[in-house]
1. Given the options Ile353, Ile370, Ile311, Ile375, name the one that is assigned to a helix (DSSP H, G or I) and modelled with pLDDT under 85.
2. Would you mention how many residues in segment 225-247 are charged (D, E, K, R) and part of a strand (DSSP E or B)?
3. When segment 192-224 is examined, which residues are found to be within 30 Å of Ala344 (Cβ to Cβ), in a loop (DSSP other than H, G, I, E, B) and at pLDDT below 90?
4. Please go through segment 353-387 and give me each residue that is in contact with a Gly (Cβ under 6 Å, 6 or more places away or on another chain) and of a type in the set (S, T, N, Q), ordered by number.
5. Has segment 248-261 got any residue that is surrounded by 15 or more Cβ atoms within 10 Å (Cβ to Cβ), touching a residue at least 24 places away in the same chain (Cβ under 8 Å) and not in a helix (DSSP H, G or I)?
6. When you check Asn150 against the structure, is it within 22 Å of Ile250 (Cβ to Cβ) and surrounded by fewer than 16 Cβ atoms within 10 Å (Cβ to Cβ), yes or no?
7. Residue check: is Leu113 buried (at least 20 other Cβ atoms within 10 Å of the Cβ), touching a residue at least 24 places away in the same chain (Cβ under 8 Å) and over 22 Å from Val212 (Cβ atoms)?
8. Just to be sure before I move on: is Ile400 crowded, with 20+ Cβ neighbours inside 10 Å and either at positive phi or of a type in the set (A, V, I, L, M, F, W, C) (or both) in the structure I sent?
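The values are calculated or read from the model by the stated rules, or taken from the named source; none is laboratory data. All of these numbers come straight from a predicted model, not from anything done at the bench. Note that we place each Cβ from the backbone using ideal geometry, even for glycine, and neighbour counts take in every protein chain shown.
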Amino acid sequence: MLELDNKYLEDLHSLIEEGKDRVLSKKISALHPTDIARVLNQLKRDDVHYAYRLLSDDTKSDVLVDLNEDVREDLLSTLTSKEIAEDVIEGLESDDAADVVQDLSDEKLEEVLSLVEDEEAKSDVMDLLTYEEGTAGSLMAKELVSVDENFTVAKAIREIRAQADNMDQLYTVYTVNSKGKLTGRLSLKNLLLNAPSTRTPISELKNSDDLVSIKDTDSEDMVVSLMEKYDIVALPVVDDKGILVGRITIDDAVDVIIEEAEKDYQLASGISEDVESNDSVLALTRARLPWLLIGLGGGIGGAYVIGAFDIENNPALALFIPLIAAMGGNVGVQSSAIVVQGLAASNLNTSNIAGQLAKELSVGLLNGVICSSLIFLVTYLLGFGANLSITVGVSLLCVIVFAALFGTFIPLALEKRKIDPALATGPFITTANDIIGLIIYFSISAFVSTFF
């Protein structure tokens, strides 16, 4: 793996400044396209443009796919429509090409497409661009190998050779009927080893029993779920009529998994937009500020709750405010994280909210009894007195139970309303539990001081 340090980048910059194109080209071309993209992502704007021009045509295409979006958009703005047509539309598989050009302006895209000589490639990209983002159709590639189930083995082999010529990898051969409807999969092993003769019809060799497919309008989350559930590396995509229109490979599913994981992690950390560490100060501030303001509001709310209760006569209560707030926040985040993980893995159903709440109630009670018993013993042995020990112990039990239920209910409710449940694992849960936990704590304190 390429060690991308400051010295390496400085050396490249020096070669660019000195105009040593041959040395620079040799140094960069020796790298894998993904590593070249990593290098370009770290270079200055002018250096990116300079280095890119020295790459071979095939490498240019592969590098564009792996560039950061902002770097790629800036680079595309310097390329002519003819260059984009050749490097992107004609140089990449349809799904990657569509991803690269989707952010072009309508006028620029129209001009680029008009310069594409490969009519099939143009048609494939135009078709993919019509799908809504986040659907299986927007994720699929049009390149695939399919044969008519009525073909003989000999004719199928010729057809496979012709179709696979322009593909980087051949994952699966699909079988279709005369109308193009998906009917099964064709194992290359069956085709080459088990066919009685070259005149055997493919319908006798196809496998349709365990065929898994997805509609082009289904969500990309369903794509990931199906590929994970059935352990497949290529998923055929069909339209509403069952006609085979494309296929999604495992690398595309992994990209979705990584993207969703990064998005959920940012949401859980209180970042409301998809940002990178090298984004502008304004973009990073805009992504972080909303949740900071919510946290600020929660802090003000917590201060108001503390001020509403008279703790002057019992200042020892203030010593355990951080404990109550921290335990409530931790339990809430734990519960919500488990629920969000279950929802992501399709192990939980929002129709059974009551059942999940009952389970978390049991867990919360067990954890609450253990923790509250320990805190009661510790505070009593340290000499805080029976009243305060009872207050802290009972409050901690109530806060843990409430936080467990609250942390379970919120992500389930968000999922049911089609809102990303990862929102529930971040500052929202912590802030809400802080305020409600303090209300519980001081309410129990007032009750204990009144009746004991």
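1. It is Ile353.
2. The number of residues fulfilling the criteria is 1.
3. Asp209, Asp210
4. Scanning segment 353-387 gives a single hit, Ser372.
5. The answer is yes; a qualifying residue exists.
6. No: the conditions fail for Asn150.
7. yes
8. yes
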